[in-house]
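Quick notes on the structure that follows.
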Amino acid sequence: MFFDPLYLIIIAPGLILSLWASHKVKSTFREFSEMKISKGLSGSEVARMLLNRSGIRDVKVEPHEGVLSDHYDPRDRVVRLSPEVYQGRSISSVGVAAHEVGHAIQDAQNYSLMGIRQNLVGPASIGSNMSFFVIFIGFLMQASAMIWMGIALFSAVVLFQLVTFPVEWNASSRAKKQLVATGIINSNEAAGVNKVLNAAALTYLAALITSILTLLYYIIRFTDR
Ligand SMILES: [Zn+2]
């Protein structure tokens, strides 16, 4: 139970993909951080422009500490951008800023998957904190009902990732469309934005695959006992 080779075998593809995606997102962001956009706008300026263009004036754009810590907060209605994105005038900066605005637009338009995702935040966080513990105790006590309860808890994590991926993909495709439609970036720069946002999407895909494989492991491990 403390170390199960079967776990490593099943989870390996997810683990490798996760490591690769994490490397890819950092290296792609860095690469396109060095390429300034010809219009010379910063990430925060682009975010404000795109929000205004969509008629969203009550969402603020604020700087936020950390590297790649950019996010949209639907409760406070704030687009928070990391220093490099907020001030930066690069392909990476405007790409990430536009992506976060994509989430604000999803929220303003009551995009259904985003609402579902918000409702899954709580169960998924309980699931990721508790599932292993519940399964482990269930195993020690030989209580299969408890093991299945743990597996059900972990399913909330999988469900959350399953909804997160299309929400992220949708925010990125909104970002690309808006950046091109407004003329903020040209077609060469659009190819760069594509690469940055696709690399980010890959990390969500890797997280989804890893959680599905973990669920699969739990099910295989406890149905063949
Ligand atoms: Zn996002």
Out of V134, M114, L153 - ranked by how far each Cα lies towards the positive end of the dipole of region 1-159, with unit charges on the beta-carbon of charged residues - the top one is M114
Between N194 and T223, how many nm apart are label points set 7 Å from Cα along the C-beta direction? 4.1 nm
Determine the shape class of region 51-132: with a ≥ b ≥ c the square roots of the Cα gyration tensor eigenvalues, call it rounded for a/c under 1.5, and otherwise prolate if a/b is greater than b/c, oblate otherwise. oblate
Taking a spot 7 Å from the Cα of K60 along the direction of its beta carbon, which residues of region 66-94 have an amide N less than 18 Å from it? 66, 70-83, 86-87
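Which value, in debye to the nearest 20, describes the size of the charge dipole of the chain about its Cα centre when Lys and Arg Cβ atoms bear +1, Asp and Glu Cβ atoms bear -1, and nothing else is charged? Numbers along the way, then the final one.
Details: 20 positive and 16 negative charges, 90 e Å.
Roughly 440 debye, rounded to the nearest 20.
Classify region 127-225 as rounded, prolate or oblate from the Cα gyration tensor: take a ≥ b ≥ c as the square roots of its eigenvalues, call it rounded if a/c is under 1.5, otherwise prolate when a/b beats b/c and oblate if not.
Values: a/c = 5.19, a/b = 3.89, b/c = 1.34.
Prolate.
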Global geometry of region 1-55, whether rounded, prolate or oblate, following the gyration tensor of its Cα atoms and the 1.5 cut on a/c: prolate
Between region 110-126 and region 158-189, what's the alpha-carbon centroid distance in Å? 19 Å
Bin by bin, in steps of 10 Å, what percent of the Cα pairs in the chain do you find, going until the bin that has the longest distance? 8, 29, 30, 18, 11, 4, 0
FRET efficiency (S144, V67; Cβ distance; R0 25 Å; to 0.05) is 0.05
Kindly work out what percent of the DSSP beta bridges joining two residues of the chain are antiparallel, to the nearest 5. 50 percent
Taking the Cα-to-Cβ direction at N110 and at T182 and moving 7 Å from each Cα, how far apart do the two end points lie in nm? 2.6 nm
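The numbers here are math on the coordinates, done by the rules we state, and not lab data. Quick caveat: nothing in here was measured; it's all calculated off a predicted structure. In this analysis, Cβ positions are derived from the backbone assuming ideal geometry, glycine residues included, and neighbour counts consider all displayed protein chains.
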